[in-house]
Amino acid sequence: MIPSSYKPKKKFMELAIAEAKRAGDRGDYPIGAVVTRLTGKREVVIASAGNRVKTSGSSIKHVELETLKYVSSGYGRYLPDFVLYSTHEPCAMCAGACVWSRIGAVVYGVSQEDIDAYGRKRGTEDYKWRSCLIPCRFVFEKGNHPIPVTGGFLRKECQRLFSYRSA
């Protein structure tokens, strides 16, 4: 279990941001995720990836879901000692996967509301930035699995990803 005193680490969200930029460089939505494992006072990266929704042609290849599937395949179906870092708040589908995997904690940058506001103002046919305005906390609560959540972590840095285009 992740202790209630857990404090998110900037370096892990920065890695998620770097993964998001790599996803953007290959033509996908610039969204990134990292899964870490906490053992005692030590926290290590187990998986990191960028989004593949556009490049895979599958609308359900969200990076949070894919990293959770990958980690579960090696560490088992329940992940109480793991933390999911994502540049974006997990949508209802990905939040459900967090419940089913019993993830230990979730840390995200921009909220579903941030995504929705940006998409309505600046979404294009290529980058729609759709959102699902169901907070992950609501899904966790209704999923009857308390998951500590830290939202808005490095929010400004994650908001910059909305307009990220490869150099």
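The values are calculated or read from the model by the stated rules, or taken from the named source; none is laboratory data. Predicted model only: the values in this text are computed from it and were never measured. Note: ideal-geometry Cβ built from the backbone for every residue, glycine included; neighbour counts use all protein chains shown. Areas reflect the complete protein model, heavy atoms only, side chains present, ligands, DNA and RNA absent. Shrake-Rupley method; radii C 1.70, N 1.55, O 1.52, S 1.80 Å.
A few comments on the model shown:
- Residue satisfying all of: in region 24-45; aliphatic (A, V, I, L, M) and touching a Leu at 6+ places or on another chain (Cβ under 9 Å); modelled with the lowest pLDDT among these: 31
- Test for residue 2: is it surrounded by 17 or more Cβ atoms within 10 Å (Cβ to Cβ) and within 23 Å of residue 112 (Cα to Cα): no
- Within region 50-90, the set of residues being farther than 25 Å from residue 156 by Cα, at pLDDT below 95 and of a type in the set (A, V, I, L, M, F, W, C) comprises just one member, 60.
- Residues of region 147-167 that turn out to be more than 17 Å from residue 14 (Cα to Cα) and either touching a Phe, Trp or Tyr at 6+ places or on another chain (Cβ under 6 Å) or open to solvent by less than 70 Å² (accessible area, probe 1.4 Å) (or both), as a count: 4
- A count restricted to region 19-49 and to residues that are under 28 Å from residue 130 (Cβ atoms) and assigned to a loop (DSSP other than H, G, I, E, B) stands at 6.
- Within region 110-167, tally of residues that are of a type in the set (Gly, Ala, Ser), in contact with an Asp or Glu (Cβ under 7 Å, 6 or more places away or on another chain) and modelled with pLDDT of 80 or more: 2
- Residue, nearest to residue 101 (Cα to Cα), within region 5-39, restricted to residues that are touching a residue at least 60 places away in the same chain (Cβ under 8 Å) and touching a Pro at 6+ places or on another chain (Cβ under 7 Å): 6
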